[in-house]
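The values are calculated or read from the model by the stated rules, or taken from the named source; none is laboratory data. All figures in this text were calculated on a predicted structure; none of them were measured in a lab. Glycine also receives a Cβ, built like all others from the backbone with ideal geometry; neighbour counts cover every protein chain displayed. Ligands, DNA and RNA are stripped out before the accessible areas are found, and what is left, the full protein with its side chains, is counted by its heavy atoms. Shrake-Rupley method; radii C 1.70, N 1.55, O 1.52, S 1.80 Å.
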Amino acid sequence: AAGLLFTSQGTSFIHAGQEMFRTKEIDPNAACAEKVVNADESRAFNRNTYNADDKVNSIKWNNVINNNSMIETYKELIKMRKEQNIFHYPSVEGLDSNVVVSENKRMITLELTGLFTTDWQNVKVIYNNEATNYEFTMDGSEFHVGFINNTYTKESEAVTTVTVPAASFAVIYY
């Protein structure tokens with residue numbers, strides 16, 4: 001989900017605690033009009049906490065330790081988005097003529113063509129929604145991998161194929 005957020009056009013909005021898997025867990029037996037219970041009914045969550053107490057709405061800072069790898073991923077995504085302005089088109093007109101979205105059963109590809117002075121003039125974001133890895137090639141053409149496996153790389157060696165992990169995404173530039 002973070003990959004979609006940070007590679008989409010527009011302002012990226014992160015809810016407080018999202019990067020550390022913040023949930024608003026409540027007692028599964030508690031009365032709550034907005035309660036959502038998981039499949040085995042062992043956990044419950046309040047999906048509308050505007051009037052819930054601090055116990056529900058507070059940020060659980062222990063999650064910073066428990067989910068540090070996701071926090072580091074968010075830092076990498078934020079850095080990529082700040083450095084590569086191809087992810088922020090200034091107008092709708094730019095989007096219409098320079099962004100192509102294609103999809104099939106295995107993946108969604110977002111193709112961006114640069115209008116700016118940026119390191120990455122042409123970008124493809126490959127969102128792999130399968131439970132297995134996806135081998136991506138561009139008809140034998142070389143490209144560079146800018147983001148994969150939760151890591152941003154501003155400059156990388158040219159390759160002709162990349163393996164996009166299951167339920168993940170990669171950003172390539174050429």
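Enumerate by residue number the chymotrypsin sites (Phe, Trp or Tyr not before Pro) in the stretch 17-60 meeting two conditions: DSSP loop (anything except H, G, I, E, B), and at most 13 other Cβ atoms within 10 Å of the site's Cβ.
For chymotrypsin sites (Phe, Trp or Tyr not before Pro) across the stretch 17-60 that sit outside H, G, I, E and B with at most 13 neighbouring Cβ atoms in 10 Å, the list reads PHE21, TYR50.
In square nanometres, what is the average projected area of the Cα convex hull of the stretch 1-86?
Details: hull surface 28.2 nm².
Averaging across all directions leaves 7.1 nm² for the Cα convex hull.
Leaving ligands, DNA and RNA out of it, report the carbon-plus-sulfur percent of the accessible area of the stretch 46-160 at a 1.4 Å probe. Don't skip to the answer; put the middle values down first.
Working: 3440 of 7220 Å².
Ligands and nucleic acids excluded, carbon and sulfur reach 48 percent.
Is there a pair in LYS75/LYS124; LYS79/LYS154; LYS24/LYS55; LYS105/LYS154 whose C-alpha atoms are over 18 Å apart, and which pairs would that be?
Numbers: LYS75/LYS124 21 Å; LYS79/LYS154 10 Å; LYS24/LYS55 9 Å; LYS105/LYS154 30 Å.
Distance filter (> 18 Å) returns LYS75/LYS124; LYS105/LYS154.
How far is helix 68-83 tilted off the main Cα axis of the chain, in degrees rounded to 10, range 0 to 90?
Roughly 40 degrees between the two axes.
Which whole-number percent is the relative contact order of the chain (Cα, under 8 Å, 6+ apart)? Display every interim value, and only then the final one.
Working: 280 pairs, mean separation 29.9, N = 174.
Relative contact order comes out at 17 percent.
If each DSSP helix of 4+ residues adds -39,500 (n - 2.57) and the sum is divided by the residues in the chain, what number results at 222 nm, nearest 500 deg cm²/dmol? It would help to have the intermediate numbers written out before the result.
Numbers: 5 runs with 38 residues, N = 174.
So the calculated ellipticity at 222 nm is -5500 deg cm²/dmol.
Can you pull a Stokes-Einstein diffusion coefficient for the chain at 4 °C (1.567 mPa s), Rh from Kirkwood over Cα pairs, as a whole number of µm²/s? Intermediate results must be reported in sequence, preceding the final value.
Details: Rh = 18.3 Å.
Here the translational diffusion coefficient equals 71 µm²/s.
How charged is the neighbourhood of TYR127? Take every other residue with its Cβ under 14 Å from the Cβ of TYR127, and add Lys/Arg as +1 and Asp/Glu as -1. Intermediate results must be reported in sequence, preceding the final value.
Working: positive: LYS105, ARG106, LYS124; negative: GLU103, GLU111, GLU130.
Neighbour charge sum, excluding TYR127 itself: 0.
At most 15 other Cβ atoms within 10 Å and a DSSP loop assignment: could you name the GluC sites (Glu not before Pro) in the stretch 10-73 that fit? Before the final figure, lay out the partial values.
Working: sites: GLU19, GLU25, GLU34, GLU41, GLU72; in loops: GLU34, GLU41.
Passing sites in the stretch 10-73 are GLU34, GLU41.
If you average the C-alpha positions of the stretch 120-174 and of the stretch 7-64 separately, how far apart do those two centres end up, in angstrom?
32 Å
Do any chymotrypsin sites (Phe, Trp or Tyr not before Pro) in the stretch 74-125 lie in a loop, going by DSSP, with at most 14 other beta-carbon atoms within 10 Å of their beta carbon, and if so which? Present the calculation step by step, with values, prior to reporting the outcome.
Details: sites: TYR74, PHE87, PHE116, TRP120; in loops: PHE116, TRP120.
Here the sparse-neighbourhood loop sites are PHE116.
Taking 2.2 N^0.38 Å as the expected size of a compact globular protein, what ratio does the Cα radius of gyration of the stretch 74-174 give against it, to two decimals?
Working: Rg = 13.2 Å, N = 101, 2.2 N^0.38 = 12.7 Å.
That works out to 1.04 for the stretch 74-174.
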